[in-house]
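Participant: If you scroll down you'll find the structure; I have some questions about it.
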Amino acid sequence: MQVSRWRERYAQSGLAGIERDLPRGAPPVKVDTARLVELTTQTKPVAATHWSTRKMAAELGVSASTVMRHWHAHGLKPHIVRGFKVSRDPKFVEKLEDIVGLYMSLPEHALVLCCDEKSQVQALDRTQPGLPLKKGRAATMTHDYKRNGTTTLFAALNVLDGQVIAQCQQRHRHTEWLKFLRKIDRETPKDKTLHLIADNYATHKHPAVQDWLAKHPRFNMHFTPTSASWLNMVERFFRDITTERLRRGVFTSVPELVDAINEYIAHHNTNPKPFIWTKSARDILQQVIRANRRLSSKQNGTLH
């Protein structure tokens, strides 16, 4: 390619056409990396919540690809925001050590069950039938839907073997929670002590529930700290059933939805696999302490 250009120049202008290189374009614009990083991390563009490559490129007078290259080099991703919630429970450490202790060292002659409700599971039907997956084309599904009612999934995940005790009910009041507790009582060995991990939802602490628990001493409740539902391993199971069965499901009625949930759980229980908890309470606590320090620094205007 280069040789052909030189031959063409020689044919047009003779020796004078190849005596020296032709004038080159302007040198590439140098990026003030420090300013780019400062703008990205400490400012916002006008009428927007975060910088895009095009907005930053226009601000600095460079190309969008140049901005992207520097963001990548500095590990900056303005388009991503991660959710968080730091627990303010005054008994956070006590509850953390209690629950993680159960995970890391299961008590003998006992079962540890992670319990919760997945409320308002919607039976959604699509307004038009979609097309199936085929070579060269993704499956299709309408963006709009028809609501056909809801159900609440109560679930208890056995930490030891991954088995799930589940029950779908119309509502999630204390009466439904009591009904689920009775189901757990029926479906677990009578000679086993039961340790139930649950959140602080008022239903779990209703006086009627307290009375029932007092009459069934093999049930021992362990409550997660407020704003720390991630400590309950049943949330991991809820994520799986949502992504694998519910999110892309089409249900014309609540009974159809309940049948699909029961089918999924029955299949899960044929070959269950426990979720393995690996982080100690000490490791988690150190992370929480670091998060609180960063938040405090930000509030005081000293975070960089």
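Participant: In the stretch 63-121, what residues are more than 23 Å from the chain's Cα centre (by Cα) and of a type in the set (G, A, S)?
Facilitator: S63, A64, S65, A73, G101, S105, A110
Here is a yes/no grid of residues against (1) of a type outside the set (A, V, I, L, M); (2) modelled with pLDDT of 95 or more:
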position	(1), (2)
M68	no, yes
F92	yes, no
Y103	yes, yes
H109	yes, no
V121	no, yes
K134	yes, no
I165	no, yes
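Participant: Another question about this same structure. Has the stretch 291-304 got any residue that is among the β-branched types (V, I, T), more than 30 Å from A123 (Cα to Cα), assigned to a helix (DSSP H, G or I) and not assigned by TED's automatic domain parsing to the domain that holds L157?
Facilitator: no
Participant: More than 20 Å from T270 (Cβ to Cβ), in contact with a strand residue (DSSP E or B) (Cβ under 9 Å, 6 or more places away or on another chain) and assigned to a strand (DSSP E or B): which single residue out of F180, F251, F154 fits that description?
Facilitator: F154
Participant: Working only within the stretch 34-68, note down all residues that are among the basic types (K, R), surrounded by fewer than 14 Cβ atoms within 10 Å (Cβ to Cβ) and not in a loop (DSSP other than H, G, I, E, B).
Facilitator: If the condition is that a residue be among the basic types (K, R), surrounded by fewer than 14 Cβ atoms within 10 Å (Cβ to Cβ) and not in a loop (DSSP other than H, G, I, E, B), then R35, R54 are the ones that fit.
Participant: Right, here's the next one. Pull up the stretch 195-227, narrow it to residues that are closer than 17 Å to A156 by Cα and part of a loop (DSSP other than H, G, I, E, B), then point me to the one that is farthest from the chain's Cα centre (by Cα).
Facilitator: Only one residue tops the list, namely R218.
Participant: Something else about it: Does any residue in the stretch 262-283 that is aromatic (F, W, Y) come within less than 9 Å, Cβ to Cβ, of a residue that is assigned to a loop (DSSP other than H, G, I, E, B) six or more places away or on a different chain, and which pairs are these?
Facilitator: F275/V159; F275/G162; F275/M233; W277/V159; W277/M233
Participant: Given the conditions (1) charged (D, E, K, R); (2) surrounded by 13 or more Cβ atoms within 10 Å (Cβ to Cβ); (3) not assigned by TED's automatic domain parsing to the domain that holds Y145, report the number of the one that R218 does not fulfil.
Facilitator: Status for R218: all satisfied but (3).
Participant: Now a separate question. Return the only residue of L133, L160 being within 27 Å of the chain's Cα centre (by Cα) and free of Cβ contacts under 8 Å to residues at least 12 places away in the same chain.
Facilitator: None of the other options fit; the residue is L133.
Participant: Right, here's the next one. Hey, could you check the stretch 99-123 for residues that are surrounded by 18 or more Cβ atoms within 10 Å (Cβ to Cβ) and among the acidic types (D, E) and say which is farthest from N158 (Cα to Cα)?
Facilitator: E117
Participant: Condition (residue is out of contact with any Phe, Trp or Tyr (no Cβ under 9 Å at 6 or more places or on another chain) and in a strand (DSSP E or B)) applied to the stretch 87-101: is it met by at least one residue?
Facilitator: No, the conditions are met nowhere in the stretch 87-101.
The values are calculated or read from the model by the stated rules, or taken from the named source; none is laboratory data. These numbers come from a predicted model, not from an experiment. Cβ coordinates were reconstructed from backbone atoms using ideal geometry, including for glycine residues, and neighbour counts include every protein chain displayed.
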